[in-house]
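The values are calculated or read from the model by the stated rules, or taken from the named source; none is laboratory data. Everything numeric in this text was worked out from a predicted model, so none of it was measured. Using ideal geometry, Cβ is built from the backbone for each residue, glycine included, and neighbour counts are taken over all protein chains shown. Please note that ligands, DNA and RNA were not included when accessible areas were found on the heavy atoms of the full protein model with its side chains. Shrake-Rupley method; radii C 1.70, N 1.55, O 1.52, S 1.80 Å.
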Amino acid sequence: MVQNILNEMGDPAQPGSLDRLLLALRDAFRRHPTDPIEVRNFLVALRGHTPGWFYNRLHLEDGQVRSPFWRSTAQPRGMMWCLLTHGKALFYPQGTEEHRKRYHLELVGERAARSWMGVPLRIGGQIVGAMAMEDDHQENVFQPEHFQLLCGLAERLAGVIETAWLNEQQRETNHLLETLQQASETITMLARRREDWLWHATLTLCTAPYGARFDRAMLFLTEPDSRDRRSNVAPGAHGHRPPGQGGGPP
């Protein structure tokens with residue numbers, strides 16, 4: 001099964017490899033030899049370079065892929081926080097309510113899971129991410145054999161997931177550096193022509209999906225021979241890192 005997943009992923013250095021890998025991992029449960037199930041809620045969180053932040057790299061909700069975004073491990077303290085903080089695999093085939101009450105965890109999302117399982121991703125002694133699957137409608141969807149499969153796949157694929165994730169981040173960094181280099185030349189030219197073009201181009205570069213993708217940006221310019229400053233603000237790429245859901249480092 002692991003080899004089939006790797007075959008579907010292809011070269012981990014190529015664009016799209018991480019998406020193919022994670023979706024193939026989900027589909028492994030549909031192909032379970034004795035008890036196949038359809039996983040409609042699947043979350044894969046991967047740690048970033050900045051301590052205290054992780055990236056919801058794959059967020060499958062009711063069968064629909066949601067936009068990824070950064071989130072702080074400090075908020076909210078839900079089931080995924082448990083996996084990333086304590087590094088212990090958890091299996092709750094009849095829901096998470098008792099566990100959340102016992103450890104004073106928050107409910108993340110609109111509905112409490114009726115069946116849930118999750119496992120950290122480890123490389124050596126370091127937690128590099130976590131995976132969780134849930135069903136919001138029915139208890140006992142996940143059985144011990146499903147949990148064993150999830151744990152086994154996490155153990156054997158953690159290094160591959162991390163490699164594909166690092167390659168993806170490096171490609172994004174290289175793309176951003178190229179964009180910034182091209183934009184710096186364009187912005188200089190625009191500044192000589194019209195000042196409003198300078199404002200627009202700079203703020204777009206900071207917030208657009210093809211740029212730095214910040215939640216919001218402000219640009220300040222000083223007046224000649226004066227302490228006064230002018231400013232302008234632009235909203236960010238909503239959906240990539242939604243307000244109220246952490247934002248975080250690119």
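Exposure check, 1.4 Å probe, all protein chains in place: PHE69 carries approximately 10 Å² of accessible surface. For MET131, the solvent-accessible surface with a 1.4 Å probe is about 0 Å², rounded to the nearest 10.
Per-residue extension of 0.36 nm, minus the Cα-Cα distance of GLN94 and ASN7, leaves a gain of 27.9 nm for this segment. Classify the chain from the C-alpha gyration tensor, please: rounded if a/c falls under 1.5, else prolate or oblate depending on whether a/b exceeds b/c. Prolate is the answer for the chain, as a/c is 1.5 or above and a/b outweighs b/c. Scanning the chain for long hydrophobic helices, with DSSP H runs required to stretch 27 angstrom or more by C-alpha along their axis and to average at least -1.0 on the Kyte-Doolittle scale, returns 144-193.
HIS49 to GLU155: extension gain in nm, 0.36 nm per residue of separation minus the Cα-Cα distance? Each step should come with its number before you reach the end.
On the way: separation 106, 0.36 × 106 = 38.16 nm, distance 2.17 nm.
Value of the extension gain: 36.0 nm.
Couplings 3J(HN,Hα) of region 102-112, computed from phi: 4, 10, 6, 9, 7, 7, 9, x, 7, 10, 6 Hz, in residue order, whole Hz [Karplus 6.51 cos²θ - 1.76 cosθ + 1.60, θ = phi - 60°; x for Gly and Pro].
In this rough spin-label picture, where each label sits 7 Å from Cα along the Cβ direction, the LEU219-GLU110 distance is 3.8 nm.
Which length gain, in nm to one decimal place, applies between GLN64 and GLU145 when the Cα-Cα distance is subtracted from 0.36 nm times their residue separation? Provide the component values of the computation, followed by the final result.
Working: separation 81, 0.36 × 81 = 29.16 nm, distance 2.53 nm.
Additional length available on full extension: 26.6 nm.
Put +1 on the Cβ of each Lys and Arg and -1 on the Cβ of each Asp and Glu in the chain; which of LEU60, VAL128, GLN75 then has its Cα farthest toward the positive end of the dipole? Selected residue: GLN75.
Output the peptides 17-26, 154-163, 172-181 sorted from most to least packed, where packing is the average of other Cβ atoms within 10 Å over each peptide's residues.
Details: 17-26: 20.0, 154-163: 18.1, 172-181: 11.8.
Descending mean neighbour count gives 17-26, 154-163, 172-181.
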